[in-house]
1. So is residue 56 of a type outside the set (D, E, K, R) and open to solvent by 60 Å² or more (accessible area, probe 1.4 Å) or not?
2. Which residues, counting only those in segment 1-20, are of a type in the set (A, V, I, L, M) and at pLDDT 85 or above?
3. State all residues of segment 61-79 that are open to solvent by less than 40 Å² (accessible area, probe 1.4 Å) and assigned to a helix (DSSP H, G or I); if no residue qualifies, say none.
4. Among the residues of segment 43-60, how many are closer than 19 Å to residue 15 by Cα, outside any loop (DSSP other than H, G, I, E, B) and modelled with pLDDT under 90?
Amino acid sequence: MEVVSLSGLDRASLFASDLYIEFRVQMGLVDRRQVAHSTFVDLLLLAECDYLVGTFSSAFSAVALELSISRKGFVPPYISLDIPWKPFRPYQPHPGVSMQNVPRA
């Protein structure tokens, strides 16, 4: 088993809050570059896992699995805690749903 250490990355200050990280970035409470760096490190480390357990209603877990598949050449063992995984497809709106058809108030 290989252990990965990330020296110089202080994650405690990033996650020591009840506010979502997105809100803290918008409010300037955390360094957005440090958040972006930490996010990409997490994503790449997840893609290297031998097994993945995630929530696929989250794009983060789904992207981690997609990266893992593309790097390994096969679908690794995974478990979704909420919805089933399906391969990424570009967003295609439902033909009957359009912002132009929304009734005006």
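1. no
2. Answer for segment 1-20, where residues must be of a type in the set (A, V, I, L, M) and at pLDDT 85 or above: just 19.
3. Residues satisfying the conditions are 61, 62, 64, 65, 68, 69.
4. Count: 1.
The values are calculated or read from the model by the stated rules, or taken from the named source; none is laboratory data. Quick caveat: nothing in here was measured; it's all calculated off a predicted structure. Protein only, heavy atoms only, side chains kept; ligands, DNA and RNA dropped before computing areas. Shrake-Rupley method; radii C 1.70, N 1.55, O 1.52, S 1.80 Å.
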